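Working notes, beginning with the structure itself.
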């Protein structure tokens, strides 16, 4: 029966409040309108058991609607209170711009990776080369303070098998990462393909021990040639290039 | 005895305005506006006291705060609209004053919209489909 007591108390309070507020109102002209809203409030309070029975949480809905009304604001307020909303809008804009930049960097990285792959394939005649390019924003060398995209890492992994012929993945990640002050180019890593005996590309396991010694020399040569190629064609710093090859030898320059 | 202060301010400014009106009607209007704002500021502390008392009572009795918020909004809108309308009316712009009042009325009605929608939805659910 406690809900009955609560309900009665709420009704009494709302009625008292309404009569008090009516006295507080400044003029007669507003009184009719204020009285309408107040009477609606009283009606809602009296109906509250039925409302909660039929409609669930009416109060939450009401406060949601009021909050939305408040946020929309008037014609001149530009949607709510001035400064915080302006800040919010600016922050949103920045976030959007950041997202767009990320996306364009990703696309550019994919493009660059594809081109590098084409070059490596045409130069070495190897299939199944996997090139991953990481682009970052860096300061342009001389003139302005503008951030320009730079290649911050190139990772080439090769497998002797052609298990993954379309293995081009340009992933540009962590654009906002620290290496901002890096000049045009940085690490390139080249991995040379999988163990021929295993027949599977194990590019992800550079420390695989099951290699054979005879492959070593050729792999190293290939790695060096790829690094040189990329260095020349893309004007890259050798430190940026990382080549993983053959599961056996992992040449890091 | 704050009422004496308020009446004193009112009387003094009325006399000044009557004097000024002959020479510079513009300044008379400014003085009237300033006096109005002064009295309003004088009272705003008291209004705040009343409102905070209401709030405390409502909070302690477990009344829904959204009701109280709505009621406070009604009071605020009607006071501000009335104040602005009277200043404009003093300046002789009756039509603009009535527009301000209209805005106040509309904004009070807008407060009623969510309440009305909830009541109507409940009634519609009560009725057999």
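The values are calculated or read from the model by the stated rules, or taken from the named source; none is laboratory data. What you see is a predicted model, and the numbers here were worked out from it, not measured in a lab. Virtual Cβ from ideal backbone geometry, glycine too; neighbours counted across all protein chains shown.
Listing for the model above:
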| quantity | calculated |
| --- | --- |
| Flag for residue A:34 being assigned to a helix (DSSP H, G or I) and farther than 26 Å from residue A:5 by Cβ | yes |
| Residue selected from segment A:4-25 under the condition touching a helix residue (DSSP H, G or I) at 6+ places or on another chain (Cβ under 7 Å) and surrounded by fewer than 18 Cβ atoms within 10 Å (Cβ to Cβ), by the criterion nearest to the other protein chains (Cβ to nearest Cβ) | A:24 |
| Residue in segment B:104-111 that is surrounded by 13 or more Cβ atoms within 10 Å (Cβ to Cβ) and over 21 Å from residue A:40 (Cβ atoms) present | no |
| Residues of segment A:104-120 classified as crowded, with 16+ Cβ neighbours inside 10 Å and either more than 28 Å from the chain's Cα centre (by Cα) or touching a residue at least 40 places away in the same chain (Cβ under 8 Å) (or both), total | 11 |
| Neighbours by Cβ (under 8 Å, 6+ apart or cross-chain): first from segment B:81-107, over 13 Å from residue B:33 (Cβ atoms); second outside any helix (DSSP H, G or I) | B:82/A:26; B:82/A:27 |
| Residue check for residue B:87: touching a helix residue (DSSP H, G or I) at 6+ places or on another chain (Cβ under 6 Å), away from every other protein chain (no Cβ under 12 Å) and surrounded by 15 or more Cβ atoms within 10 Å (Cβ to Cβ) | yes |
| All positions within segment B:30-41 that are touching a residue at least 12 places away in the same chain (Cβ under 8 Å) and farther than 16 Å from residue B:14 by Cβ | B:40 |
| Some residue of segment B:28-48 being at pLDDT below 85, surrounded by 14 or more Cβ atoms within 10 Å (Cβ to Cβ) and closer than 28 Å to residue A:37 by Cα | yes |
| Index of the failed condition, residue A:79 passing every other in (1) under 30 Å from residue B:85 (Cβ atoms); (2) modelled with pLDDT of 85 or more; (3) more than 7 Å from every other protein chain (Cβ to nearest Cβ) | (2) |
| Complete set of residues in segment A:43-65 that are part of a loop (DSSP other than H, G, I, E, B) and either surrounded by 14 or more Cβ atoms within 10 Å (Cβ to Cβ) or within 7 Å of another protein chain (Cβ to nearest Cβ) (or both) | none |
